[in-house]
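The values are calculated or read from the model by the stated rules, or taken from the named source; none is laboratory data. In this text the structure is predicted, and so the values were computed from the model without any measurement. Please note: Cβ atoms are built from the backbone with ideal geometry, for glycine as well, and neighbour counts cover all protein chains shown.
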Amino acid sequence: MLALALSAGAASAAPIYWTDWTGGNQATGGGFMATGTITTASSTVTVTYTNRQGIGFYQPSGGAYYYSGGTDGPAGTSPFTSSAVDNRPPTTDIIALRYAGMQTLNFSQAIANPVFAYVSLNGNGYAFDRDFDILSFGDASDGGNACGYWGCGTSYKQVVTVGGNTEYQLLGTGEPHGALRFQGTFDTVNWRSLSNEYWNGFTLGVQETAVDFCAANPTAPGCTSSNVPEPASLALVGLALGALGWRRRDRS
């Protein structure tokens, strides 16, 4: 048991688990609402997307595969893969946008450092309420990742203050297809599309939930006693020591 306890702390990198969008428009009284699920190695998270302006189209199954271009893997050339993302979205699921305005993603439980894949951010931009790192984008002209479904483009981040609030803006040139990763643990992310443009689209995935992330990284920003369970390795050590104590008492 002690050997098992000592080996329990070892962990390997997990893949990105992408949202499986399902059903149709669930909004009442205008706008758009959709739900999906993210199934990780240990949990199932319900994702709810709302947009009061409405959207361009919703593709929860079938249709064109807009995440094409390049290859997957640690050394892949896909616009959506990088040293942090081994696998691009595996299905055709996408939410396509067309109107300027606010929108929200809600999660049934807190998630950690989710990855946001975007398609054809041409003539538009997204202003998020959370900081992010751009991981990859399709810009083969400089030896970078392969171009995306609609072509090549660059992406960059701009931090601005609007109405007293900090916005983290995703902007670009050409036809940006790529992936960014939000920083921290949370259960809601809001952003606004900066212009009316038909169309640009997205989906989202996670590597792990906040509970799993904080169990392995208890001192990371956003991790508190409420989302840091007892690590499995410590629990096993406790069981092992308890078993040794029981054996000693049994022999006395």
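Of note:
- Filtered residues of segment 178-211 (kept if under 20 Å from Ile55 (Cα atoms), β-branched (Val, Ile, Thr) and crowded, with 24+ Cβ neighbours inside 10 Å): Thr203
- Residue that is farther than 17 Å from Gly101 by Cα and in a strand (DSSP E or B), where the choices are Thr37, Thr50, Thr28: Thr37
- Candidate set: segment 55-99, residues that are aliphatic (A, V, I, L, M) and in contact with a Lys or Arg (Cβ under 7 Å, 6 or more places away or on another chain); chosen: the one modelled with the highest pLDDT: Ile55
- Residue check, Gln53 surrounded by fewer than 17 Cβ atoms within 10 Å (Cβ to Cβ) and not hydrophobic (A, V, I, L, M, F, W, C): no
- As a summary of the residue check, Gln103 satisfies the conditions (1) under 25 Å from Pro15 (Cα atoms); (2) part of a strand (DSSP E or B) except for the one numbered (1).
- Taking the criterion of being in contact (Cβ under 8 Å) with a residue 40 or more places away in the chain and among the hydroxyl-bearing types (Ser, Thr, Tyr), the residues of segment 84-102 that qualify are Thr91, Tyr99.
- Here the condition is being among the β-branched types (Val, Ile, Thr) and closer than 28 Å to Cys147 by Cα; of Val206, Val162, it holds for Val206 alone.
- Residues of segment 141-159 satisfying the condition of being in contact with a strand residue (DSSP E or B) (Cβ under 8 Å, 6 or more places away or on another chain) and among the small types (Gly, Ala, Ser): Gly144, Ala146, Gly148, Gly151, Gly153, Ser155
- Selection over segment 134-148 of residues that are more than 25 Å from Tyr168 (Cβ to Cβ) and not hydrophobic (A, V, I, L, M, F, W, C) gives a count of 2.
- For segment 107-143, the tally of residues that are in a loop (DSSP other than H, G, I, E, B), without any contact (Cβ under 8 Å) to a residue 60 or more places away in the chain and more than 16 Å from the chain's Cα centre (by Cα) stands at 2.
- Qualifying positions in segment 13-32 - within 20 Å of Thr91 (Cα to Cα) and of a type outside the set (Val, Ile, Thr): Ala14, Pro15, Tyr17, Trp18, Asp20, Trp21, Gly23, Gly24, Asn25
- Taking the listed residues Ala64, Ala84, the one that is aliphatic (A, V, I, L, M) and surrounded by fewer than 16 Cβ atoms within 10 Å (Cβ to Cβ) is Ala64, with no other qualifying.
- Counted residues, segment 80-95 - those being within 9 Å of Leu135 (Cα to Cα) and either in contact with a His (Cβ under 7 Å, 6 or more places away or on another chain) or polar (S, T, N, Q) (or both): 3
- In segment 101-154, the residues that are aliphatic (A, V, I, L, M) and in contact with a helix residue (DSSP H, G or I) (Cβ under 9 Å, 6 or more places away or on another chain): Ala110, Ile111, Ala112, Ala146
- Test for Ala96: is it in a loop (DSSP other than H, G, I, E, B), touching a Phe, Trp or Tyr at 6+ places or on another chain (Cβ under 8 Å), aliphatic (A, V, I, L, M) and within 20 Å of Gly151 (Cβ to Cβ): no
- In segment 212-229, the residues that are over 22 Å from Asp131 (Cα atoms) reach residues that are at pLDDT below 90 and in a helix (DSSP H, G or I) with C-beta atoms within less than 8 angstrom, at least six apart or across chains, in these pairs: Ala215/Ala232.
- Highlighted here are the strands (runs of 3 or more DSSP E) found entirely within segment 144-252 that include at least 1 residues which are among the β-branched types (Val, Ile, Thr) and at pLDDT 95 or above: 153-162, 165-174, 185-193, 200-206.
- Flag for Ser12 being assigned to a loop (DSSP other than H, G, I, E, B), at pLDDT 95 or above and farther than 22 Å from Asn145 by Cα: no
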